[in-house]
Amino acid sequence: MSSTASMRRSQRHRAKSFKSELEDGVQATYKAIKLKSLEKDGRCASNRIYGEDYEDDGEKAVDEVEEELTETDSASEEQHPKRTTKKSARNRVEQVSDGDTGDAGRQEEEEEEGEDGVGEDGVHGRWRHYHSLCSRLPGRERQIQLLLSLLGEPRQLTCPALYVYGNTSTGKTLVLKTILSSLQVPHAFVNCIECYSPKLLYGTILAHLMGDTSGYVRCDSMPSFIRSLQSFADERTAETMYIVLDKAERLREMNATLLPSLLRLSELTHRQVCTILVSELVWEKLAMSAGGLRPYPLHFPQYTRGEVLAIMSLDCPEGEPLSFYRTFVNHVWNVFQYVCRDLGELRYLSSLLYPKYCEPVESGETSRQETRKLWRHIEPYFRGVMSKIHLREISSAQWVKAQVQMDSGETSTSLAQGVPQSKAVLELPYFSKYLLIASYLASYNPSKTDKKFFSKQKQARTRKSKKPRKEKPNHQLLGPKPFPLDRLMAIFYSILEEAVAPSADIYSQISSLVTLQLVSQLHTKDLLDGPKYKVYTMLPV
Amino acid sequence: MTTGAAAAETLLRNRLFSDLDDGGYVPENKKEVLGTVQQVLERTIVESEGNSLLIIGPRGCGKTWVMDSVFRTLQGDRRCKDNYIRVYLNGLVHTDDRLALLEIARQLNIDSDNEEHTSMSFSAALDYLLAALRSGSGANQSVIFVLDEFDLFASHKNQSLLYNLLDISQSSHNPIAVVGLTCRLDVVELLEKRVKSRFSHRQLLLFPHSEFRDYATLAQSLLSLPINFKQRQFRHEWQKNIQKLLQNAKVLQALQQQFRLSADVRSLKTLLLLPVSRLSPTHPQLAPSDFSLSLELIHRDSLGAVMKGLSVLELCLLVAVRQISELSCGEPFNFEMVYCGKQWSSLLVTPRYGNHSILQL
């Protein structure tokens, strides 16, 4: 079969070219896949891939400049110009304003309050929060720095829209919340899944800005939202209002004009508003619906190994020695990092497994220093947790219960076995079983082959076609196809040995199969030929 | 200088984010457009004739800025100063004619009852508004309507707002000017026949800079501090630094890159945001590395950056999916095909790390 061999060869060749393509982008990780043997100490391997030295060149250039910024030793008091001047400088539409209030007036204000002093801690303005923020949010120093410099002082103008993106659990929402609450500026934190319509969105944003995080202000349309924002800015504050929209990709499905107008809120209201969109998708996915205005992008990279270990060791339960917990966290990282780098998942898994890890120490079998013994004890649990909890086959409560049962030896189910036996076994009547088998065959076999398989007459042999056949996709994997009722009956009669008259009894069994949700009836508009069905059960692949 | 940097930062942020002040440099093509718009609006106000015009240009090239500059100039003109009212409508916000009408009533400072408006037809309501305006003030006040995102107004039902506004601008009872701002070149095709015939077909085109020289000059004027800046010493050093910067290779390269990608003013301002925001007492002058960092941040490959954070398992899935999609020549496939396929199983490796295979899920 030279054709299949050549096909296999071309596939292999194509596979190889893909590998070389991807290797440019994800060099280190791909080498890890192809490595036939990892080092015995998983730590070294993971260091090579995700270690502290893993940075791109652009970041190295940045760090030098940033070092200057971190040493903000002597700074003066930040000048806050008088509120009314700023306000009148900004209102351009509502009143007929003088064109020359502008710069000269503002600067005089600033200079009057000028004072060349060094404050107590030497740092002023928004940067005085920098060190406390970095200590609360390890691993995100660079992002905090960028955010603080971009957002500027609360009374300065800033970019109208910001787009924060990154993988899951990289701290996007957390960092924004912490920064905005420590700066104590009026801000609104809204989840776009929760506020699924524009009216809900406006109402929640206005309520949050006024300080009421669980309230709702009635607001019917975008013009009234803009007016409410303007009145809020005029009455309450001369500082920038920050509106953070989490899960921003949902904004695409709401109104078509919603996303563009939210990005331009600063221009539309003629006040200081900064819209921050947070999402896991890249901007290109939202750009089509965004109507031309591109927000400033800010990427939150995935945590490196060192950062993950530092954050997870903050979870250490009280009373446990930190080094002991650190070795445990190290084991968790080494095992799970290939599967999942999501910090939330890793913390969840470690909280489940830590009691198990400590068991031999508590029962007195081993001491804390005998790491090899502890590792051998915990290893099968790791495997079990990976296949059960990570895939969410059973919940953590069920797993814990299963552990307890295992320990006390009540049931003989080992961890390697599957799902708890809660599925009921269904007994179908005789014809129903045949009907189900017939519907399965009708769904998964293309109708062209029916004649070949199910016809009882002798077929005239057709000449084999010389054309090369395309590799057909496996029909099992493509899913069930719909079939009309008479095809089902035809196959049913051909597989049934005895002759049965088509009575109401048979047809009612079909509808009972539909009720049991083993077969589903299609509800399309053009059912001129009769009802169509599709089978829902599957043979194990 | 301790306060110098802070004051400079505030001033420059105002330049970048509000259209009040732009350093004073206006390129040639914008001057023409400015002149024409100003003329037209002056004629409307002073001679009470109705006018309509369209300003067309890509995003970020300064349409709103043109309108703002013209209004600033009109304020300074003694003849025009108090004789007009500006009504600003935006197609993104006022998505319906009814909303637009309510907004017009509000901006004309007319107290109106809602019931009256809903019972009248649109044109009657608009006439009533304009008549009320006229009778209320006595003098012949002209109204200038600025319609931002003009193409979105053309998608309203019957285009009634546009029809009525342009109708009024053609007839001479109330002197109004209708200025439309849009980024679609074919916006006139979107108008209905009756609307198009009432439009004066005066279109002004705004283009972004076509030469790098203009772009660099604009950058310089945006970054320069004005003459009346208080700290003279700081300003002197600052201006010298700016001159040096604009001969620096790194800075020029960053500006060139940004110019080649998009030559409009908004993207220039985005590029300049990061260098300006990094000003601090310890870093009182702009540095070339700021510019290259800014360029890198804006044009980072976001998809690649996100992919770097994926776990090995997810990357294997991606590789298998890519191979399957190539083999199936673009036809759809589902997770079952990927999971059971030989591409996936060939990527699974048993690490020598305990006796189990971690990746065999």
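Criterion applied to B:LEU255, B:LEU273, B:LEU293, B:LEU315 was being at the interface with another protein chain (Cβ under 7 Å from one of its Cβ atoms), in a helix (DSSP H, G or I), farther than 17 Å from A:LEU150 by Cβ and not small (Gly, Ala, Ser), and the one residue passing it is B:LEU315.
For A:ILE243, the criteria (1) within 10 Å of chain B (Cβ to nearest Cβ); (2) modelled with pLDDT of 90 or more hold in every case but one, which is (1).
Which count do you get for residues in the stretch B:61-90 that are within 16 Å of the chain's Cα centre (by Cα) and either of a type in the set (Asp, Glu) or within 8 Å of chain A (Cβ to nearest Cβ) (or both)?
Residues of the stretch B:61-90 that are within 16 Å of the chain's Cα centre (by Cα), as a first pass: B:61-69, B:88-90.
If we keep only those that are either of a type in the set (Asp, Glu) or within 8 Å of chain A (Cβ to nearest Cβ) (or both) as well, we get B:64, B:68, B:88, B:90.
The number of residues fulfilling the criteria is 4.
Matching residues to (1) more than 7 Å from every other protein chain (Cβ to nearest Cβ); (2) at pLDDT 85 or above; (3) within 30 Å of A:ALA161 (Cβ to Cβ); (4) not in a helix (DSSP H, G or I):
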site: B:GLY4; (1), (2), (3), (4): yes, no, yes, no
site: B:ALA7; (1), (2), (3), (4): no, no, yes, no
site: B:ARG15; (1), (2), (3), (4): yes, no, yes, no
site: B:LEU20; (1), (2), (3), (4): no, no, yes, yes
site: B:GLY23; (1), (2), (3), (4): yes, no, yes, yes
site: B:ASN29; (1), (2), (3), (4): yes, no, yes, no
site: B:LEU34; (1), (2), (3), (4): yes, yes, yes, no
site: B:LEU41; (1), (2), (3), (4): yes, yes, no, no
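Somewhere in the stretch A:181-196, is a residue within 13 Å of another protein chain (Cβ to nearest Cβ), of a type outside the set (Val, Ile, Thr) and out of contact with any Ser or Thr (no Cβ under 8 Å at 6 or more places or on another chain)? The answer is no; no qualifying residue exists.
For the stretch A:291-311, the criterion of being farther than 30 Å from B:LEU295 by Cα and touching a helix residue (DSSP H, G or I) at 6+ places or on another chain (Cβ under 9 Å) is met by at least one residue.
State all residues of the stretch A:208-220 that are within 26 Å of B:GLN107 (Cα to Cα) and buried (at least 18 other Cβ atoms within 10 Å of the Cβ); if no residue qualifies, say none. A:LEU209, A:CYS219 - these are the residues of the stretch A:208-220 that are within 26 Å of B:GLN107 (Cα to Cα) and buried (at least 18 other Cβ atoms within 10 Å of the Cβ). Checked against the criteria, A:PHE225 counts as of a type in the set (Phe, Trp, Tyr) and within 13 Å of another protein chain (Cβ to nearest Cβ).
Conditions tested, residue by residue: (1) closer than 30 Å to B:LEU246 by Cβ; (2) open to solvent by 50 Å² or more (accessible area, probe 1.4 Å); (3) modelled with pLDDT under 85; (4) outside any helix (DSSP H, G or I).
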| residue | (1), (2), (3), (4) |
| --- | --- |
| B:MET337 | no, no, yes, no |
| B:TRP344 | no, no, yes, no |
| B:THR350 | no, yes, yes, yes |
| B:GLY354 | no, no, yes, yes |
| B:ILE358 | no, no, yes, yes |
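Can you confirm whether the stretch B:208-220 contains a residue that is buried (at least 16 other Cβ atoms within 10 Å of the Cβ), aromatic (Phe, Trp, Tyr) and assigned by TED's automatic domain parsing to the domain that holds B:LEU152? Among the residues of the stretch B:208-220, not one is buried (at least 16 other Cβ atoms within 10 Å of the Cβ), aromatic (Phe, Trp, Tyr) and assigned by TED's automatic domain parsing to the domain that holds B:LEU152, which makes the answer no.
You will find that of B:SER197, B:SER224, the residue that is open to solvent by 20 Å² or more (accessible area, probe 1.4 Å) and touching a Phe, Trp or Tyr at 6+ places or on another chain (Cβ under 9 Å) is B:SER224 and no other.
Across the stretch A:124-170, the qualifying residues are those that are open to solvent by 20 Å² or more (accessible area, probe 1.4 Å) and among the basic types (Lys, Arg), and the one among them that is farthest from the other protein chains (Cβ to nearest Cβ) is A:ARG136.
Have a look at A:VAL335, A:VAL339 and point out the one that is touching a Leu at 6+ places or on another chain (Cβ under 6 Å), within 11 Å of chain B (Cβ to nearest Cβ) and surrounded by 15 or more Cβ atoms within 10 Å (Cβ to Cβ). Working first, answer last.
Numbers: A:VAL335 fails: touching a Leu at 6+ places or on another chain (Cβ under 6 Å).
Of the residues listed, the single one that is touching a Leu at 6+ places or on another chain (Cβ under 6 Å), within 11 Å of chain B (Cβ to nearest Cβ) and surrounded by 15 or more Cβ atoms within 10 Å (Cβ to Cβ) is A:VAL339.
Among the residues of the stretch B:282-326, those identified as among the hydroxyl-bearing types (Ser, Thr, Tyr) and crowded, with 18+ Cβ neighbours inside 10 Å are B:SER292, B:SER294, B:SER302, B:SER311.
Only one of the listed residues (A:ARG326, A:ARG347) is charged (D, E, K, R), surrounded by fewer than 21 Cβ atoms within 10 Å (Cβ to Cβ) and in contact with an Asp or Glu (Cβ under 8 Å, 6 or more places away or on another chain). That residue is A:ARG347. Among residues of the stretch B:115-129 that are modelled with pLDDT of 75 or more, those with a Cβ under 7 angstrom from a residue that is open to solvent by 50 Å² or more (accessible area, probe 1.4 Å), sequence gap 6+ or separate chain, pair up as B:TYR128/B:MET120.
The values are calculated or read from the model by the stated rules, or taken from the named source; none is laboratory data. Note that the structure is a prediction, hence the values are computed from the model and not measured. All Cβ positions, even for glycine, are placed from backbone atoms using ideal geometry, and neighbour counts span all protein chains on display. We work out accessible area using only protein heavy atoms, side chains counted, and drop any ligands, DNA or RNA first. Shrake-Rupley method; radii C 1.70, N 1.55, O 1.52, S 1.80 Å.
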